[in-house]
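The values are calculated or read from the model by the stated rules, or taken from the named source; none is laboratory data. All of these numbers come straight from a predicted model, not from anything done at the bench. FYI the Cβ positions are ideal-geometry reconstructions off the backbone, even for glycines, and counts take in every protein chain you see. With ligands, DNA and RNA removed, areas are computed over all heavy atoms of the protein, side chains included. Shrake-Rupley method; radii C 1.70, N 1.55, O 1.52, S 1.80 Å.
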Amino acid sequence: MRKLRIFPIHEGPALRSDASTRTTNPYEQLDRLPLYLETCEGLEQTDQPEKADLIAIALPFSQWIAEAPSIRKGQHRCLTAIHSLPSFRDPALRPKHVFICGHPDFPGSEIPEATIFQPVVSFPDDLPRNHPIPWLFDETFAPSPSADFCLCGNPADELFRAVERVASSCGSLLRADPENPATTIAQARLTLCVWNGGSLDCAFYQALALGRIPILISDARRLPFDDLIDYSTIAFHIGIASEELALIPSILQTDQTTLNAMVTQGREIHRRFLSLTALPAQIVRILATRHPSASEPPRAQHEFPLTDTAGHLLDEPRMFAHLWRQLAHTYPADGTKVLLFLGAGKFLHRFLDAGDPWKNQTNIRGIADDAAQSGQTFAGYPLAPPDAFPAHTFNSVFLATDSCEKKLAERCRALFDPETPTLSPAQLAAKSPGECSPPPRTTQPPSHGRKSSGRFMRRLEGLLVCIRYGDYLSWSLPGNLPHFDRLVVVTSPDDTLSRSIAAQHGATVILSDSYVQDGAVFNKGKLLNEGFKALKLDDWVLVCDSDILLPIGLRRRLQQRFFNPECLYYAIRLEAPIHHTEHWLTAFESNPALRSSRPFNRPGANRMPWGYFQLFHARECPPSESGEPFYSEHFPNAGDVDYEFQARWPAERKILLPEAVVHLPHGGEGVNWTGRTSRRLKPRPVSCYPPSNSNTPGVPRP
């Protein structure tokens, strides 16, 4: 680990004691934060700021209450000093990282092109994002708990209210005191932390320090220092879907021995990683292990947003609800503005199915489609050719597609007045929900959801079919295999390339030609069911494709989440470049951050529970209508078997994970559903990958 050069800037009165002197004043503890940083192993001070890797700015907290005006002046003087440094005047010399130890009002955003470590400014992806100050408490401060839950978060947030309904239905509940949340947290056994992205609420750290168990309710993909902390031993992390909130009652029923062990481990984790004294050392550790010249690739400009403005994952039901609210607000049924839909494809089917109750409150003229005939209807709306809708009968056109908006927009301009306003799903999805008011709805009694029993993932088995896809498998298998306790690859006896690659890396190989039996062209269901026979099927199973790259750290993150075994989990799919794919894959192997440079588009294909990523509990999988325990064997090609499988779960039990896989392209949708016909990649040389004898750290291979 290389040493970092640090250049300290101290503004304000001198510190009254060194870092080893104990104090109970939390503001004085914060004053010492720069001392904790400057004395970390792996740091050496420099008096040449242009050569510094890290600039540390100390602005004393303890003087803030009594001398706020003078401290604010000191902040601006400190900013002036920073901007005058040669390293900030010369972009080539500008340091990447600034550590600010000061009041949250410090205007860190005025420091350009630097990663700021400060309570209200962002952290890099592998550090705690917007880390609040984790106040220190003496363990004797915490009394015996008198309630089951303490709820922390924003009471105005819809998710907060949903959590409150579920928790209050199964136990005694306290709302955290906004002025002194620690006092309320100490009075309850479990702390419900509703995390809306951004800053991980301070209540999470306070609960650990006070010997309480956090229940983190969030779609967050990463948690602070999750490469070192096994959060499943100190907290329950569940998602925000109603079927996952239904796990809260089962958490309350956890046996006391397990809870006591989590309390002990939580205090130890807080002391080692998340306390004021430990936090700077972890930041230095991460920065020092990075290569000095490493750079982040440019972030992709997504056609569709991945999250809403509150930071929650935007799955299709939530996105459709968001779109309908806006349409009903702008084109109310009792208003004068009229909307015309253009395009009657699969997207519109799904969109109208999700339209209750808003579609009845929206003024829709009808649906125009080139293939329509006069007199037809579509879900109760008039369906006709575009020329059946004169321009004076509507005000705007809604482009009913999530995959070819540009082409449909061009068609709209050719059909109607070029000045006719158009609305697209991507345009509306990117609009803040706060920019429009929801339509009036009938008040219904709150639903507490079903009481389900949650489980941590202790074992993960994988299954994929690879027939004449050995060129893709050579690129995907080396990175995917470590996520699994066992991975089964089903291939045909004559596919020597796939067989040799799977065997080289230690995957279990199943040979079968059942996919062509009974006149079928490619019965993928039979192949998958052959593969299931080689699995233990005692915990979780992930079915994916051989042309999919799973994200690094996936297994670790899955193990730290509390799952509902009655749900089907899926992920977002990004596309690798279709041109020079092998060149991109070679670069990706050395810099996995290239994943973030791939745009997200076509959510109707790439944000769905299709066969590229289907995660489920083997013992809770609903059988098919024809009796097969897993995949149906009644489809002669690979086009519908994964769709039928996911349709067995109701919509509310299909949960989007905050994960993104990368798909290696090989042509248009369906091009290989009857067997491989697309172009071939240049296979990755097998000799470059030695056989793997170990799995993810701490996860033994069978």
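Taking the range 513-530 as the search range and keeping residues that are surrounded by fewer than 24 Cβ atoms within 10 Å (Cβ to Cβ) and either of a type in the set (Gly, Ala, Ser) or without any contact (Cβ under 8 Å) to a residue 60 or more places away in the chain (or both), which one is nearest to Asp495 (Cα to Cα)? Applying the filter and picking the extreme gives Asp513.
Screening the candidates Arg350, Arg365 for the property of being in contact (Cβ under 8 Å) with a residue 60 or more places away in the chain and surrounded by fewer than 20 Cβ atoms within 10 Å (Cβ to Cβ) yields one hit, Arg350. Selection of first residues in the range 157-171 that are free of Cβ contacts under 8 Å to residues at least 40 places away in the same chain and closer than 19 Å to Asp219 by Cβ and of second residues that are assigned to a loop (DSSP other than H, G, I, E, B) and of a type in the set (A, V, I, L, M, F, W, C), restricted to Cβ pairs under 9 Å at least 6 apart or on distinct chains, gives the following pairs, ordered by first then second residue: Glu158/Ala310. If the condition is being of a type in the set (D, E, K, R), touching a helix residue (DSSP H, G or I) at 6+ places or on another chain (Cβ under 8 Å) and assigned to a helix (DSSP H, G or I), then the range 551-581 contributes only Arg555.
Residues that are farther than 28 Å from Ala426 by Cβ, in a helix (DSSP H, G or I), open to solvent by less than 30 Å² (accessible area, probe 1.4 Å) and not β-branched (Val, Ile, Thr) do occur in the range 604-623. Here are the criteria: (1) open to solvent by less than 40 Å² (accessible area, probe 1.4 Å); (2) over 22 Å from the mean Cα position of the chain (by Cα); (3) more than 27 Å from Asp353 (Cβ to Cβ). Tell me which single one His580 does not satisfy. Condition (1) is where His580 drops out. Here is the figure for the range 245-275: residues that are within 19 Å of Leu173 (Cα to Cα) and within 25 Å of the chain's Cα centre (by Cα) total 7. Of the residues making up the range 490-509, those that are under 18 Å from Arg684 (Cα atoms) and hydrophobic (A, V, I, L, M, F, W, C) are Leu497, Ile501, Ala502, Ala503, Ala507.
Need at least 3 residues that are over 18 Å from Arg602 (Cα atoms) per element, so show me which strands (runs of 3 or more DSSP E) inside the range 324-406 make the cut, counting only ones lying wholly within it.
Values: elements: 339-342, 364-368, 376-378, 381-384, 396-399.
Per the criteria, 339-342, 364-368, 376-378, 381-384.
For the range 218-229, filtered to residues that are touching a residue at least 60 places away in the same chain (Cβ under 8 Å) and open to solvent by 70 Å² or more (accessible area, probe 1.4 Å), the residue that is nearest to Arg271 (Cα to Cα) is Asp227. Selection within the range 547-564: residues that are more than 15 Å from the chain's Cα centre (by Cα) and under 14 Å from Phe613 (Cα atoms). The member of this set that is surrounded by the fewest Cβ atoms within 10 Å (Cβ to Cβ) is Ile548. Scanning the range 262-279 for residues that are closer than 14 Å to Leu210 by Cα and open to solvent by less than 60 Å² (accessible area, probe 1.4 Å) gives Met262, Val263, Gly266, Ile269, His270, Leu274, Ser275. When residues in the range 313-330 are screened for being among the small types (Gly, Ala, Ser) and open to solvent by 10 Å² or more (accessible area, probe 1.4 Å), 1 of them pass. Among Asp227, Asp219, Asp177, which is the only one that is in a loop (DSSP other than H, G, I, E, B) and in contact with a Lys or Arg (Cβ under 8 Å, 6 or more places away or on another chain)? Answer to the check: Asp227.
Looking at Ser403, is it at negative phi, polar (S, T, N, Q), more than 39 Å from the chain's Cα centre (by Cα) and modelled with pLDDT under 90? Can you show your working first?
Values: at negative phi: yes; polar (S, T, N, Q): yes; more than 39 Å from the chain's Cα centre (by Cα): no; modelled with pLDDT under 90: yes.
Judged against the criteria, Ser403 is not a match.
Name the pairs: first residue in the range 333-345 and surrounded by 12 or more Cβ atoms within 10 Å (Cβ to Cβ), second residue of a type in the set (Lys, Arg), Cβ to Cβ under 6 Å, at least 6 apart or on different chains? Taking only residues 6 or more apart or on different chains, the pairs are Val338/Arg365; Leu340/Arg365. Taking each residue of the range 629-652 that is closer than 17 Å to Ala520 by Cβ and looking for partners that are small (Gly, Ala, Ser) and open to solvent by 50 Å² or more (accessible area, probe 1.4 Å) with beta-carbon atoms closer than 8 Å, six or more apart or interchain, yields Ser632/Ser626; Glu633/Ser626; His634/Ser626; Pro636/Gly519. Restricting the first member to the range 378-401 and to residues that are within 14 Å of Lys337 (Cβ to Cβ), and the second to residues that are β-branched (Val, Ile, Thr) and exposed (fewer than 15 other Cβ atoms within 10 Å of the Cβ), the beta-carbon pairs closer than 9 Å and six or more apart or on different chains are Asn395/Thr336. Residue pairs whose Cβ atoms lie under 6 Å apart, separated by 6 or more positions or on different chains, with the first residue in the range 234-248 and in contact (Cβ under 8 Å) with a residue 12 or more places away in the chain and the second polar (S, T, N, Q) and buried (at least 23 other Cβ atoms within 10 Å of the Cβ), are Glu243/Asn564; Glu244/Asn564; Leu247/Asn564.
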